[in-house]
Each structure stands twice: as structure tokens, then as C-alpha cells.
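**Q** My questions all concern the structure below.
The values are calculated or read from the model by the stated rules, or taken from the named source; none is laboratory data. What you are looking at is a predicted structure, and each value in this text was computed from that prediction instead of being measured. Reconstructed Cβ throughout: ideal geometry from the backbone, glycine too, with neighbour counts over all protein chains shown. These accessible areas exclude ligands, DNA and RNA; they are computed on the full protein's heavy atoms, side chains included. Shrake-Rupley method; radii C 1.70, N 1.55, O 1.52, S 1.80 Å.
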Amino acid sequence: MEQRTGPRSDVRQAVEYDLVELVRLRTLLFEHLGGDFFDPAAADDGWLDTLAVVLKEQLTADGTDGGLAACGIGTIEQRLPGPHLHNGRIGQVIGVITDPAHRRRGHSRAIMRGLLDWFRDREVARVDLYASAEGAPLYRELGFTPHPDPALYRRP
């Protein structure tokens with residue numbers, strides 16, 4: 001989902017035409033998060049090319065024009081069902097970011113509502129996200145709570 005700039009702001013699904021803006025906003029996200037783990041300056045820029053390829057594969061063109069004020073990505077993973085996950089579908093919100101020039105106008109809230117509707121329409125049993133300190137209050141307002149599972153990670 002993304003939020004467009006201009007006189008009228010609409011939340012809509014991204015299309016191939018949005019590729020450059022999506023890469024720009026994703027770069028802003030990592031610059032904003034900072035630190036050794038997230039800082040894109042600490043790594044080579046090859047991830048940007050890979051990001052563009054992955055996004056292009058996932059988008060279809062519809063001829064939309066205009067820059068983007070914000071974006072957010074939603075994915076759905078099919079896991080094995082269980083008593084805590086009745087159908088095994090888990091949604092993941094990835095990288096909600098608003099261009100600094102367009103912040104404090106409700107773009108992230110609109111994108112999140114659009115993503116939550118999208119997840120609901122696909123019968124997702126749970127939606128996960130990682131929140132920045134700035135984003136956490138919005139996510140709590142939308143019903144997100146701390147996850148009971150401890151998270152660890154490993155890079156191969």
C-alpha cells in the first residue's frame with residue numbers, strides 16, 4: 001500500500017510505475033532506523049538493485065502517475081495451523097515509511113488501515129510487525145500488542 005502526494009491523497013496498491021518511489025522510500029526507512037544493523041551506508045548498494053528486481057516482479061503497471069508520500073508492504077506467509085493460528089496464515093507488515101515532507105498527515109494510519117483490510121479480506125489469522133519508537137503508538141492504537149514469542153535471528 002502507498003499514499004500518494006498531491007491535492008488528493010489516496011491509498012492504493014502499488015504498481016510497476018511506482019518502483020523508483022518505492023525504492024526511494026525503502027532507503028529512507030533504513031536511513032531513519034539507523035544503527036549498524038539497518039544502516040544501508042554500512043553495506044554495498046547491491047541490495048537496492050535486488051530490491052528493484054523483487055519489487056518489479058511483484059508489481060503490475062496501470063499507468064498511475066505522481067510521487068509517493070508514504071508506503072507500506074504487506075506479505076502473507078502460510079504456516080502450519082495450530083490452536084493459536086487456526087488457518088496458519090500470518091501477515092507481516094514491512095517497512096511503513098512516510099517521506100519527511102509529508103509526515104503528521106495521517107498517511108501511515110491510512111496505509112495501515114488499508115493493509116489491515118487487505119489482511120482481513122485474505123483471512124489472515126495474525127499480523128506481525130516490528131515497530132520503531134515513533135511508530136509504536138500508532139500500532140498500539142490499531143490493536144497491536146507485544147508478541148509473546150521471543151525473537152532471535154541468525155545470518156548464514
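**Q** Is it fair to say I90 is under 22 Å from L22 (Cα atoms) and in contact with a Lys or Arg (Cβ under 8 Å, 6 or more places away or on another chain)? If you could, list the steps in order and put the result at the bottom.
**A** Numbers: under 22 Å from L22 (Cα atoms): no; in contact with a Lys or Arg (Cβ under 8 Å, 6 or more places away or on another chain): yes.
Against the criterion (under 22 Å from L22 (Cα atoms) and in contact with a Lys or Arg (Cβ under 8 Å, 6 or more places away or on another chain)), I90 does not qualify.
**Q** Additional query: I'm trying to understand the selection: among the residues of region 115-124, which are open to solvent by less than 40 Å² (accessible area, probe 1.4 Å) and assigned to a loop (DSSP other than H, G, I, E, B)?
**A** At the first step, the residues of region 115-124 found to be open to solvent by less than 40 Å² (accessible area, probe 1.4 Å) are 115, 119, 124.
Answer for region 115-124, where residues must be open to solvent by less than 40 Å² (accessible area, probe 1.4 Å) and assigned to a loop (DSSP other than H, G, I, E, B): just V124.
**Q** Across region 69-108, what is the total count of residues that are buried (at least 16 other Cβ atoms within 10 Å of the Cβ) and not aliphatic (A, V, I, L, M)?
**A** 12
**Q** Checking L29 against (1) surrounded by 18 or more Cβ atoms within 10 Å (Cβ to Cβ); (2) in contact with a Ser or Thr (Cβ under 8 Å, 6 or more places away or on another chain); (3) modelled with pLDDT under 85, which single condition isn't satisfied?
**A** That leaves (2) as the condition not met.
**Q** Would you say A110 is touching a residue at least 60 places away in the same chain (Cβ under 8 Å), part of a helix (DSSP H, G or I) and touching a strand residue (DSSP E or B) at 6+ places or on another chain (Cβ under 9 Å)?
**A** On the way: touching a residue at least 60 places away in the same chain (Cβ under 8 Å): yes; part of a helix (DSSP H, G or I): yes; touching a strand residue (DSSP E or B) at 6+ places or on another chain (Cβ under 9 Å): yes.
In short, yes.
**Q** Name the single residue, out of those in region 125-156 being aliphatic (A, V, I, L, M), touching a helix residue (DSSP H, G or I) at 6+ places or on another chain (Cβ under 9 Å) and open to solvent by 40 Å² or more (accessible area, probe 1.4 Å), that is modelled with the lowest pLDDT. Outline the logic, then answer.
**A** Quick first cut of region 125-156, residues aliphatic (A, V, I, L, M) only: 125, 127, 129, 131, 133, 136, 138, 142, 151-152.
From what's left, touching a helix residue (DSSP H, G or I) at 6+ places or on another chain (Cβ under 9 Å): 127, 129, 131, 138, 142.
Now narrow it down to the ones that are open to solvent by 40 Å² or more (accessible area, probe 1.4 Å): 131, 142.
Numbers: A131: 90, L142: 97.
Here the residue is A131.
**Q** Tell me which of these V20 doesn't satisfy, since it passes every other one: (1) modelled with pLDDT under 65; (2) open to solvent by 80 Å² or more (accessible area, probe 1.4 Å); (3) of a type in the set (V, I, T).
**A** (1)
**Q** Return only the number of the condition from (1) within 12 Å of the chain's Cα centre (by Cα); (2) over 13 Å from Q13 (Cα atoms); (3) modelled with pLDDT of 90 or more; (4) of a type outside the set (S, T, N, Q) that L115 does not satisfy.
**A** Evaluating L115 over (1) within 12 Å of the chain's Cα centre (by Cα); (2) over 13 Å from Q13 (Cα atoms); (3) modelled with pLDDT of 90 or more; (4) of a type outside the set (S, T, N, Q) leaves (2) as the failure.
**Q** Could you tell me whether D62 is modelled with pLDDT under 65 and open to solvent by 70 Å² or more (accessible area, probe 1.4 Å)? Break it down stepwise before answering.
**A** Values: modelled with pLDDT under 65: yes; open to solvent by 70 Å² or more (accessible area, probe 1.4 Å): yes.
It is true that D62 is modelled with pLDDT under 65 and open to solvent by 70 Å² or more (accessible area, probe 1.4 Å).
**Q** Cβ contacts < 7 Å: first residue under 20 Å from E77 (Cα atoms), restricted to region 128-142; second residue at pLDDT 95 or above and not in a strand (DSSP E or B), any location; separation 6+ or different chain. Result?
**A** L129/Y139; L129/F144; A131/Y139
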